[in-house]
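Encoded as structure tokens, the structure appears first; notes follow it.
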Amino acid sequence: MQRIGVFVCHCGTNIAATVDVKAVAEALGHEPGVVISQEYQYMCSESGQELVKNAIKEQKLTGVVICSCSPRMHENTFRKAAASAGLNPYLVEIANIREQCSWIHKDIATATEKAIILGRTAVAKVHLNTPLTSMESPVVKRALVIGGGIAGIQTALDIAEAGFDVDIVEKNPTIGGKMAQIDKTFPTLDCAACILTPKMVEASQNERITIHSFSEVADVKGFVGNFTVKIKKKARFVDETKCTGCGLCTEKCPMKKVPNEFNMGLDNRSAIYIPFAQAVPKVATIDPNYCMMMKSGKCGVCSKVCSAGAIDYKQQDTFIEQQYGAIVVATGFNPIKLDKYDEFAYNQCPDVVTSLELERLMNAAGPNGGTLLRPSDKSHPHTIVFVQCVGSRCDDEKGKPYCSKICCMYTAKHAMLIREKYPDTEVYVFYIDVRTPGKNFDEFYRRAVEQYNVHYIKGMVGKVTPKSDGKIDVQASDLLAGEQLHINADMVVLAAAIEPDKTARPLATMLTTQMDTNDFFTEAHPKLRPVESATAGIFLSGACQGPKDIPETVAQASAAAAKAIGLLCKNSITCNPCVAHSDELMCNGCSSCEKVCPYGAITYVDKEFRMPDRSTKVRRVASVNPAVCQGCGACTVACPSGAMDLSGFSNSQIMAEVDAICK
Amino acid sequence: MNKNLKEQVLRSSGVNVLKCMRCGKCSATCPSYDEMEYHPHQFVYMVEKGDIETLMKSESIYKCLTCFACVDRCPRGVEPARVVEAVRLAAVRQQGGNRLEPSDIPALLDEDLPQQAIVTAMRKYAK
Amino acid sequence: MQVNENFEPVIVAFCCNWCSYAGADLSGTNRLNYPTNVKIIRVPCSCRVNPMFILRAFQKGADGVIICGCHPGDCHYTSGNYFTRRRITLLYSMLDFLGIERDRTRLEWVSAAEGAKFAATMQQFTEDVKALGPNRRLEDLRCRKQ
């Protein structure tokens, strides 16, 4: 038999002025199972809580109903009080008779009547409450950072700084990412490599950071605090531990006609290569698609010249498995392919380049050693046209519907750098809008216009036509003058839209995190939880969550690190006990719940059941991981057999509440 | 595009047309807007492009009241009225003489002449 | 149908813990009045509301049921309110099929900041249900209080 205690709060006059609290206590005292019904001035006060605690002890209460303010206000207070008196905190229910009764009604009779119904509803519910215990789940004190660009490096450094081990998984032979390819950074125009490479070295020298370069995440299992990740270390055919990075093999390699990805294919590299001089780790990698030894078995020069004996043509992909408490995604971005934009003649004319290609063309370590020359004839360009929003803000299948955010600023940077270095060059920028929200950003753009005399023209380029004399005809509109222009250009630079890296979507599937339609990772809350994914223990860093410039990326990287550190600091995580659970005897194995679960908390397991005829049968039944379940209850409604229920908000509890209101 | 003419207009007006960010507030504030073929923001843009002869041929240069509302309200301090005045000066210099003799003016005065125009005229000739 | 002036409908409101329940609290904090007919049941998410609960309410004599959740895209559990929307749409077609006024059931998005909207919605819904009159078609007379 239940022994329920009801406690009605006056809340000074907040409740007592419009609700006859004595009548409420009196009426609820007659409800079935209620053994004590009291009212008091301030229930949440020390003495009010004492009243509840004493009643629990003296009356041996099995359930408590507090008629007071919103549970959002004091539910925890009373749960703690109950726990200290030895009652399971989840046997306490709150009837909200302040915000949802006394404060909104003026007539004492009707307000009292409603308060009694609300109290009765809570009593009906508490009859069915069951004691719940929060599960504790241990936290592995190690973090995984997926992606080794500036976002991943910054996150790893911050986590390592806090004293936790971090692994970086980078799919390329070196960390550094896009920032390593960039020449200068806006709006300060300092050199990207000068600020990035020290961070790369710091990451490689930090004893808490392990860099898995040329590796990929192959599989993720587990949940917050306890992920098991399988990492595939791709064969680079060079023993990382032996290679000293001297680079002799890359010089001697006879196969030198391989397009150099690091320079955006604008020059060639050898089949065995180190992406760039400051690569971390500085280890050579053999490209098996071009290596003559690998293809025909005739060569082996690198093996002969390597004094460290690091070359291993027979190396295989290896897999390592590691436990992590937190995972930070920092998979970054890429410029989109411009194949579908015939009007800009990107595929027809080598002098039409993307902005990232221009970065390499202008970079001192780039294909021209820092001199800006046309890719076609290596001549100095005198007229350069920049086209903004190529593929951005396009509501069709060719482009992306969003603004890529960084293009306005880097185009202003390029234009300014070119005018600075080559004042005889005319620079035109065709724009739809110039968007410069950021510290010192608009000033920077105005400097390009006012100080460097870059011709900003509002209007889009309609057609780019390479001409037989090597020049390029750019046909565009000048919307402010209301005329069509033809510019006889030497080079055209396209500010291509950026998109999330292609590896992001399969990774999101493995991590059971959510993505938007553009494949950007979705944050848990767009304003208040911008660096966490909705899946507990998975954090987002950098452009994988949306277009970002370097300062924003670094800020988010550190924020993600802080969130990950907050998790790793704990020895164990207390889980919300109001989670779903499935009645295995009723479950028919249909997978409906698994499909609606936004957290991937439900898995199906094969379980042996004893049948009425004493035989055993293996059935597929749903199993909820309470550490992952957040308790939304979507599965309970999806379940056709009624096997799935939610602790704390069970079907029978809600039904009892409905009945009590309708009575 | 006449480079010398552009130089001349920029020098005589003292305006840095590159400061314009094309917001259009000058034209939005101009009381003579409806009378003009080319509006204040177009003056600034066309001077930047060096298309000054077109402006010199237009009646617009005589429609500006020199009320300086555009100068007052320009968020970037471009001073479009000075540009218009400079183009007008360039036109006057080319024609070799004033468009109006001061003695012609009293005959042209009428009841509907806005107060601003009279103030402007005084501002122009009271030196 | 004869409208009984003294008819006071019983209205059950399901509010999600994160948005609408907080919105209801806000209308209280701002002292925005709405009819006493509305009684709120707190659920973690609007997607916890099983259509069975709604039918149960009608069976037990409720005259209207309103479900309030976070605005699309704002769900605390990312996608719960989309499930709710689909389920209620299906429930509507079932109610249509049964020949029962679908206006007795309503789905509304109320954020934690929309106290005024919550009060106005409840006011409007109560008036609408009043105009519909007592629920007779779904009420199980065996459940009626003697």
Given the options A:THR250, A:THR210, name the one that is part of a strand (DSSP E or B) and either over 32 Å from the mean Cα position of the chain (by Cα) or surrounded by fewer than 22 Cβ atoms within 10 Å (Cβ to Cβ) (or both).
A:THR210
Cβ-Cβ distance below 6 Å, separation of 6 or more or different chains: which pairs start in the range B:41-56 with a residue that is facing chain A (nearest Cβ under 10 Å) and end on one that is of a type in the set (S, T, N, Q) and surrounded by 18 or more Cβ atoms within 10 Å (Cβ to Cβ)?
B:HIS41/B:SER27
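Just checking, does the range C:94-102 include any residue being in contact with a strand residue (DSSP E or B) (Cβ under 6 Å, 6 or more places away or on another chain) and surrounded by 19 or more Cβ atoms within 10 Å (Cβ to Cβ)? Outline the logic, then answer.
The first filter runs over the range C:94-102 and keeps only residues in contact with a strand residue (DSSP E or B) (Cβ under 6 Å, 6 or more places away or on another chain), leaving none.
Within the range C:94-102, none of the residues are in contact with a strand residue (DSSP E or B) (Cβ under 6 Å, 6 or more places away or on another chain) and surrounded by 19 or more Cβ atoms within 10 Å (Cβ to Cβ).
It is to be established whether one or more residues within the range A:435-448 are part of a loop (DSSP other than H, G, I, E, B), of a type in the set (Lys, Arg) and under 26 Å from A:ALA151 (Cα atoms). Outline the logic, then answer.
Residues of the range A:435-448 that are part of a loop (DSSP other than H, G, I, E, B), as a first pass: A:435-440.
If we keep only those that are of a type in the set (Lys, Arg) too, we end up with A:435, A:439.
From what's left, under 26 Å from A:ALA151 (Cα atoms): A:435, A:439.
For the range A:435-448, residues part of a loop (DSSP other than H, G, I, E, B), of a type in the set (Lys, Arg) and under 26 Å from A:ALA151 (Cα atoms): present.
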Of residues in the range C:90-111 being farther than 26 Å from A:CYS629 by Cα and within 14 Å of chain A (Cβ to nearest Cβ), the one farthest from the chain's Cα centre (by Cα):
C:LEU90
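With respect to A:LYS298, determine if the residue is over 37 Å from the mean Cα position of the chain (by Cα), assigned by TED's automatic domain parsing to the domain that holds A:MET264 and part of a loop (DSSP other than H, G, I, E, B).
Working: over 37 Å from the mean Cα position of the chain (by Cα): yes; assigned by TED's automatic domain parsing to the domain that holds A:MET264: yes; part of a loop (DSSP other than H, G, I, E, B): yes.
When the stated conditions are applied, A:LYS298 passes them.
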Of the numbered conditions (1) at pLDDT 95 or above; (2) loosely packed, with under 14 Cβ neighbours inside 10 Å; (3) within 14 Å of chain C (Cβ to nearest Cβ), A:CYS569 fails exactly one; give the number of that condition.
(3)
Going by the conditions given, is A:TYR431 outside the structural domain of A:ALA192 (by TED's automatic domain parsing), without any contact (Cβ under 8 Å) to a residue 60 or more places away in the chain, closer than 23 Å to A:PHE186 by Cα and not hydrophobic (A, V, I, L, M, F, W, C)?
yes
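Is it the case that some residue within the range A:523-530 is basic (Lys, Arg) and within 30 Å of A:ASP219 (Cα to Cα)? Talk me through it step by step, then tell me what you get.
Kept after step one, since they are basic (Lys, Arg), are these residues of the range A:523-530: A:527, A:529.
Those still in the list that are within 30 Å of A:ASP219 (Cα to Cα) too: A:529.
For the range A:523-530, residues basic (Lys, Arg) and within 30 Å of A:ASP219 (Cα to Cα): present.
May I ask you to list the residues in the range A:209-232 that are farther than 25 Å from A:ASP158 by Cβ and out of contact with any helix residue (DSSP H, G or I) (no Cβ under 8 Å at 6 or more places or on another chain)? Steps first, answer last, please.
Just the residues of the range A:209-232 that are farther than 25 Å from A:ASP158 by Cβ, to begin with: A:218-219, A:221, A:230, A:232.
Across the range A:209-232, the qualifying residues are A:ALA218, A:LYS221, A:LYS230, A:LYS232.
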Here's a check for you: in the range A:162-194, which residue that is assigned to a strand (DSSP E or B) and of a type in the set (Val, Ile, Thr) is surrounded by the most Cβ atoms within 10 Å (Cβ to Cβ)?
A:VAL166
Filter the range A:426-453 down to the residues that are under 20 Å from B:VAL15 (Cβ atoms) and small (Gly, Ala, Ser) and list them by number.
A:ALA448
Assess whether C:ASN6 counts as being without any contact (Cβ under 8 Å) to a residue 60 or more places away in the chain, surrounded by fewer than 19 Cβ atoms within 10 Å (Cβ to Cβ) and farther than 24 Å from A:ALA580 by Cβ.
yes
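Of all residues in the range A:312-349, which are more than 27 Å from A:LYS230 (Cβ to Cβ) and touching a residue at least 24 places away in the same chain (Cβ under 8 Å)?
The initial filter retains those residues of the range A:312-349 that are more than 27 Å from A:LYS230 (Cβ to Cβ), namely A:335-349.
Of everything in the range A:312-349, those that are more than 27 Å from A:LYS230 (Cβ to Cβ) and touching a residue at least 24 places away in the same chain (Cβ under 8 Å) turn out to be A:PRO335, A:ILE336, A:LEU338, A:LYS340, A:TYR341, A:GLU343, A:PHE344, A:ALA345, A:TYR346, A:GLN348, A:CYS349.
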Among the residues listed as B:ALA81, B:ALA107, the single one being surrounded by 13 or more Cβ atoms within 10 Å (Cβ to Cβ) and part of a helix (DSSP H, G or I)
B:ALA81
Residues that are in contact with an Asp or Glu (Cβ under 8 Å, 6 or more places away or on another chain) and at pLDDT 95 or above, drawn from the range C:11-26:
C:ILE11
Entirely in the range A:449-530, the strands (runs of 3 or more DSSP E) that have 3 or more residues that are within 30 Å of A:CYS629 (Cβ to Cβ):
A:523-525
Identify, please: which residue in the range A:531-555 is assigned to a loop (DSSP other than H, G, I, E, B), modelled with pLDDT of 95 or more and of a type in the set (Gly, Ala, Ser) and is, among those, farthest from the chain's Cα centre (by Cα)?
A:GLY546
Assigned to a strand (DSSP E or B) and not hydroxyl-bearing (Ser, Thr, Tyr) - does that describe any residue in the range C:80-98?
no
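Looking at the range C:61-113, which of its residues are charged (D, E, K, R) and in contact (Cβ under 8 Å) with a residue 24 or more places away in the chain? So that I can check it myself, show each step before the final result.
Taking the range C:61-113 and keeping what is charged (D, E, K, R), we get C:63, C:74, C:85-87, C:96, C:101-104, C:106, C:108.
Selection gives C:ASP63, C:ASP74, C:ARG87, C:GLU101, C:ASP103, C:ARG104, C:ARG106, C:GLU108.
Just checking, which of B:TYR33, B:TYR38 is aromatic (Phe, Trp, Tyr) and surrounded by 14 or more Cβ atoms within 10 Å (Cβ to Cβ)?
On the way: B:TYR33 fails: surrounded by 14 or more Cβ atoms within 10 Å (Cβ to Cβ).
Checking each option against the conditions leaves just B:TYR38.
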Return yes when C:ALA116 is surrounded by fewer than 22 Cβ atoms within 10 Å (Cβ to Cβ), in contact (Cβ under 8 Å) with a residue 12 or more places away in the chain, within 13 Å of another protein chain (Cβ to nearest Cβ) and part of a helix (DSSP H, G or I) and no when it is not.
yes
Among the candidates A:THR174, A:THR197, which residue alone is more than 23 Å from the chain's Cα centre (by Cα), at negative phi, among the hydroxyl-bearing types (Ser, Thr, Tyr) and outside the structural domain of A:ALA279 (by TED's automatic domain parsing)?
A:THR197
Just to confirm my filter: which strands (runs of 3 or more DSSP E) fall fully inside the range A:582-663 and include at least 2 residues that are of a type outside the set (Phe, Trp, Tyr) and within 13 Å of another protein chain (Cβ to nearest Cβ)?
A:644-646
Does A:GLU58 satisfy being surrounded by 20 or more Cβ atoms within 10 Å (Cβ to Cβ) and either touching a Ser or Thr at 6+ places or on another chain (Cβ under 7 Å) or away from chain C (no Cβ under 14 Å) (or both)?
no
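When the residues of the range C:15-67 are filtered to those that are in a loop (DSSP other than H, G, I, E, B) and closer than 15 Å to A:THR121 by Cβ, which remaining residue is farthest from the other protein chains (Cβ to nearest Cβ)? Quick ask: steps written out before the conclusion?
Filtering the range C:15-67 down to residues in a loop (DSSP other than H, G, I, E, B) leaves C:17-19, C:30-37, C:44-45, C:49-50, C:60-63.
Retained after the next criterion (residues that are closer than 15 Å to A:THR121 by Cβ): C:36-37, C:60-62.
Working: C:THR36: 5, C:ASN37: 9, C:LYS60: 4, C:GLY61: 5, C:ALA62: 5 Å.
By that ranking, first place goes to C:ASN37.
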Got at least one residue in the range A:126-133 being within 30 Å of C:LYS117 (Cβ to Cβ), β-branched (Val, Ile, Thr) and either within 14 Å of another protein chain (Cβ to nearest Cβ) or out of contact with any strand residue (DSSP E or B) (no Cβ under 9 Å at 6 or more places or on another chain) (or both)?
no
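The values are calculated or read from the model by the stated rules, or taken from the named source; none is laboratory data. Predicted model, so just to flag it, every value in this text is computed and none were measured. Positions of Cβ are generated from backbone atoms using ideal geometry, with glycine treated the same way; all protein chains shown enter the neighbour counts.
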